[in-house]
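Chemist: Please read through the structure below; I'll follow up with questions.
The values are calculated or read from the model by the stated rules, or taken from the named source; none is laboratory data. None of the values given here were measured: they were computed from a predicted structure. Here the Cβ is made from the backbone with ideal geometry for all residues, glycine too, and neighbour counts use every protein chain on show. For accessibility, only protein heavy atoms count, side chains too; no ligands or nucleic acids. Shrake-Rupley method; radii C 1.70, N 1.55, O 1.52, S 1.80 Å.
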Amino acid sequence: MSSPMRLSRRTLTLAVGLSFLTVLTCLVAFLPVPYVTMRPGPVFNTLGELDGTPMLTFGDDVRTYPTDGRLDFTTVSVTRAESRMSLAGAIEGWLDPEVAVVPHDFIYPDRQTDEDSKAEGAAELASSQDASRAAALRALGREVTEVPKVADVVDGGPAEGKLEVGDLIVAVDGRRVTSQEAVGEAISGRKPGTDATIGYLREGKEGAVTIRTTSMGDDPSKARVGISVGSGFEFPVEIENHIGDRVGGPSAGAMFALAIYDQLTPGALTGGQNVAGTGTIDPEGTVGAIGGVRQKMAGAANAGADIFLVPASNCDEATRGDDFGMTLVKVEKLKDAIDAVGTLAKNPKEKVSSCG
């Protein structure tokens, strides 16, 4: 028979061992792992209002038409770049069918910071807003002219305080320029230290600034003014998007374009239905792939969507699981979305191009 003292020591040893195992388990559970989660994010009705203001507004001289239903763009909520996920958090995500757990570097390459990620997302959003305006207006047969645009202004460079991101460059030294290449040639071809007069459009108003050039770092014989130039557009009508900084990235572009088209054409495109979707868009109306399509589908279903517009290249991923009771429409071009939504508005059971 064991003595009470021996039983007490065994009990104490077991208790200490269990306590150590518990502490160790807790420590392991909270160890950081190189992953992030993607979860269903907020859903925004492009035909609705934000803080009492319509998401899309048009110039006073633009004829718009009343519409109905919803055209929702969907989002994904992603762990921030500088946050570190615990093993316990990753396991929780893996067990949730609406959550995707992906490598950190897949979402945030090159050790991207929160600030860098936000700036990149804002630039992509601005570009998608321009592309959505161009695509919608071109679908309506309106002419949209592509012009060079200030994409970035170098801090401390000659153009700082004179040009702004978004300015459309229309002339250099009084000569009209119509492409990024033309702007580069007109500026770099002069002697560094000479002046360049740049004509621009800012919020529809003309302006001009004279900037003293400096030499380029990689070629001292060429002049620069400290800007990078991208593509912008001269729009025939005024269209403003008021989403602000609530989201970032390019994936709402297709739904923005659809909403613009709907409000500039008679009748309700949706027929009163709740339509949601996602997809990038280019100025010619091509709809491109996005990330997190399953999470966006879940968010749309939670918001009551009947129809979900899926970029064609995302269809395989979209069909790897439940369709959440929605009709999944395969979209390659803006026209595909317009035609499919219009068809389903007349008859929700009508056959359209689908991911199924």
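Chemist: Limited to region 309-328, what total is found for residues that are open to solvent by less than 60 Å² (accessible area, probe 1.4 Å), part of a helix (DSSP H, G or I) and under 24 Å from Ala136 (Cα atoms)?
Modeler: 3
Chemist: Cβ-Cβ below 6 Å, separation at least six or inter-chain, first residue in region 110-138 and over 17 Å from Val78 (Cα atoms), second β-branched (Val, Ile, Thr) and part of a helix (DSSP H, G or I): which pairs?
Modeler: Listed by first residue and then by second, the contacts come to Ala136/Ile260.
Chemist: Something else: In region 284-308, what count of residues is obtained for those that are over 17 Å from Leu47 (Cβ atoms) and surrounded by 20 or more Cβ atoms within 10 Å (Cβ to Cβ)?
Modeler: 12
Chemist: Just need a number here: residues in region 281-302 that are outside any helix (DSSP H, G or I) and touching a Pro at 6+ places or on another chain (Cβ under 9 Å).
Modeler: 6
Chemist: I would also like to ask the following. In region 329-345, which residue that is buried (at least 21 other Cβ atoms within 10 Å of the Cβ) and assigned to a helix (DSSP H, G or I) is farthest from the chain's Cα centre (by Cα)?
Modeler: Leu344
Chemist: Between residues in region 248-267 that are on the phi < 0 side of the Ramachandran plot and modelled with pLDDT of 95 or more and residues that are open to solvent by 20 Å² or more (accessible area, probe 1.4 Å) and in a helix (DSSP H, G or I), which pairs lie under 6 Å by C-beta distance while being six or more apart or on different chains?
Modeler: If the second residue must be open to solvent by 20 Å² or more (accessible area, probe 1.4 Å) and in a helix (DSSP H, G or I), the pairs left are Tyr261/Ala139.
Chemist: Another question, then. I want to confirm something. Restricting to region 181-206 and keeping residues that are touching a residue at least 12 places away in the same chain (Cβ under 8 Å) and basic (Lys, Arg), which single residue is nearest to Pro148 (Cα to Cα)?
Modeler: My answer is Arg202.
Chemist: For the subset of region 35-66 comprising residues that are outside any loop (DSSP other than H, G, I, E, B) and free of Cβ contacts under 8 Å to residues at least 60 places away in the same chain, which member is most open to solvent (accessible area, probe 1.4 Å)?
Modeler: Glu49
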